[in-house]
1. State, to one decimal in nm², a quarter of the convex hull surface area for the C-alpha atoms of the chain, i.e. the direction-averaged projected area.
2. Do you know the relative contact order of the range 1-81, to the nearest whole percent, from alpha carbon pairs under 8 angstrom that are 6+ apart?
3. Could you tell me how many cubic angstrom of Cα convex hull volume the range 1-81 has per residue?
4. Just to confirm my numbers, what's the Cα centroid distance between the range 78-103 and the range 114-161 in Å?
5. Highest mean first, what order results for 7-17, 120-130 on Cβ atoms within 10 Å?
6. Cβ neighbours within 10 Å, averaged per peptide: list 69-78, 91-100, 148-157, 33-42 in order, most packed at the top.
7. For the range 86-100, in order, what is each residue's ³J(HN,Hα) by Karplus, 6.51 cos²θ - 1.76 cosθ + 1.60 with θ = phi - 60°, in whole Hz (x at glycine and Pro)?
8. Starting from 0.36 nm per residue, how many nanometres of slack lie between ALA23 and ARG61 once their C-alpha separation is accounted for?
Amino acid sequence: MLLGCIGDDFAGSSDLGNTLTKAGMRVTQYVGVPDAPAMPEVEAGIVALKSRSIPVEEAVRLSLEALAWLRAQGCTQFLFKYCSTFDSTPEGNIGPVAEALADALGARQVLVCPAFPAAGRSIYQGHLFVADHLLSESGMQNHPLTPMTDPDIRRWLGLQIKGSVGHIPAPVVM
């Protein structure tokens, strides 16, 4: 397996799988952390979790389990697929999971880019847009579980990460 992906929900993981398949990769999406090895022909494995709206500690634990499984399949490239509207709370789960994955991989810097042009998501000067509206003016500010009231992904992520030694030193938001 060349590419290991960890998705924080099933729908976004499926979108990623579709995108990779259209690009010519042999992709398999797994629901939850598998308990058996991947087939040898799989080039990209996507472990779809339901980790966006569960307690932070559980989201981190499941994501690290997914990472361990992907590493056991021989992956050396990893992608954390989170929602393209970056919906989370000021406490997480996107930042804490990204930070834990970065720590586990020994990454000194992490690229955070929730843009997905095919779905109308773009970033400009750190601000997330849905079509031509700021995220906070797109309807997502009224989301019942994770209202997105701040379109500045740098500021939102800054609330979620520790940023201390051994953690993401500063998110690079594209």
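1. 9.4
2. Computed over the range 1-81, the figure is 47 percent.
3. 72
4. Computed from Cα coordinates, the inter-centre distance equals 14 Å.
5. Peptide ranking by packing, descending: 7-17, 120-130.
6. Ranking, from highest mean packing down: 91-100, 148-157, 69-78, 33-42.
7. 6, 6, 6, 10, x, 8, x, 9, 4, x, x, 5, 4, 5, 5
8. Roughly 10.6 nm would be gained on extension.
Taken together, the values in this text are just the output of simple stated rules run on the coordinates, not laboratory data. All of these numbers come straight from a predicted model, not from anything done at the bench. Here Cβ is always computed from backbone atoms with ideal geometry, including for glycine, and neighbour counts include all displayed protein chains.
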